Amino acid sequence: MEKEDWHLDWKIFFNSIIIDDKLAIIPHWEKKLSVQYNIKIKPGMAFGTGHHETTWLMLNQMLTYVQSGMRVLDLGTGSGILSIAANKLGAIKIDSVDNDSECQNNYFENLKLNEINKGITFYNKDILTWTRMDFDLILANINRNIIEQLIPQFKNTTGIILLSGLLTTDFDFIQDVINNNKLRVKEKLVK
């Protein structure tokens, strides 16, 4: 198929969202809102504007789990929205990993829009080949098949892992994979 800028077609439907009265995700052309944290996002070919249920859930949980000084790993970073949120919430080291080269330009545009120039490193790499898991918080907002393959790699981490991108019908299967790898589900949220 011929490559098209599909994201421009739905740009008119990209409105601001507010999560827990603390975090606003706003289109890059709008002014900041009166909440504690604002993230400007330029819709692009990368996944992650905060509107999808899985991204919304991740951002909502990050408000609880990200603490100042944390080291965060964002697997499948896409637009960089979760990495940007981690930075704004006080994480000091964020590794963002994605193998889709289409994401890279949009990712760096979004960092610039949010005036972030330190503390975040982008890696253009297949997340299934990523081996360093020594982070305080690991974020993976991706599909079930990739999550299933990632779980064994999480066995040696002492950090908290937030997984999103699953259908409710996937939960029992993924919970079995988690249990078989000597990990446990602390909380399950559905949106």
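The values are calculated or read from the model by the stated rules, or taken from the named source; none is laboratory data. Just so you know, these numbers come straight off a predicted model, no measurement behind them. Glycine also receives a Cβ, built like all others from the backbone with ideal geometry; neighbour counts cover every protein chain displayed. Areas reflect the complete protein model, heavy atoms only, side chains present, ligands, DNA and RNA absent. Shrake-Rupley method; radii C 1.70, N 1.55, O 1.52, S 1.80 Å.
Assuming 1.306 mPa s and 10 °C, estimate D for the range 109-161 with Stokes-Einstein, Rh taken as the Kirkwood radius over Cα pairs, in µm²/s.
123 µm²/s
Express the carbon and sulfur contribution to the solvent-accessible surface of the range 74-191 as a percent, rounded to the nearest whole number, probe 1.4 angstrom.
The value for the range 74-191 is 46 percent carbon and sulfur by accessible area.
Using θ = phi - 60° and the Karplus relation 6.51 cos²θ - 1.76 cosθ + 1.60, list the HN-Hα couplings for the range 76-81 in order, rounded to whole Hz, with x at every Gly or Pro.
x, 5, x, 5, x, 4
For labels at GLU187 and GLN104 in the simple 7 Å Cα→Cβ model, what's the distance in nm?
Spacing of the two 7 Å Cα→Cβ label points: 3.6 nm.
Please tell me which of these pairs span more than 23 angstrom C-alpha to C-alpha: LYS155/LYS186; LYS112/LYS188; LYS22/LYS182?
Pairs exceeding 23 Å: LYS112/LYS188; LYS22/LYS182.
With axes computed from alpha carbons, what is the tilt in degrees of helix 171-180 against the longest principal axis of the chain, rounded to the nearest 10 within 0 to 90?
Once rounded, one gets 50 degrees.
Report the equivalent ellipsoid semi-axes for the range 34-191 in whole Å, largest first, defined as the square roots of five times the eigenvalues of the gyration tensor built from alpha carbon atoms.
Each semi-axis is √(5λ); the values are 24, 16, 16 Å.
Please calculate how many Å² of accessible area the chain carries per residue, with a 1.4 Å probe and no DNA, RNA or ligand atoms counted. Can you show the working numbers first?
On the way: 10460 Å² over 191 residues.
About 55 Å² of surface per residue is accessible.
With all protein chains present and a 1.4 Å probe, how do SER96, SER68 order by accessible area, largest first?
Of SER96, SER68, the descending order of accessible area is SER68, SER96.
Would you grab the residues whose amide H sits under 5 Å from the one on PHE135? Only those 5+ places off in sequence or on another chain, please, with H modelled 1.01 Å from N.
THR158, GLY159
Rounded to the nearest 10 Å², what accessible area does LYS125 show when all protein chains are kept and the probe is 1.4 Å?
80 Å²
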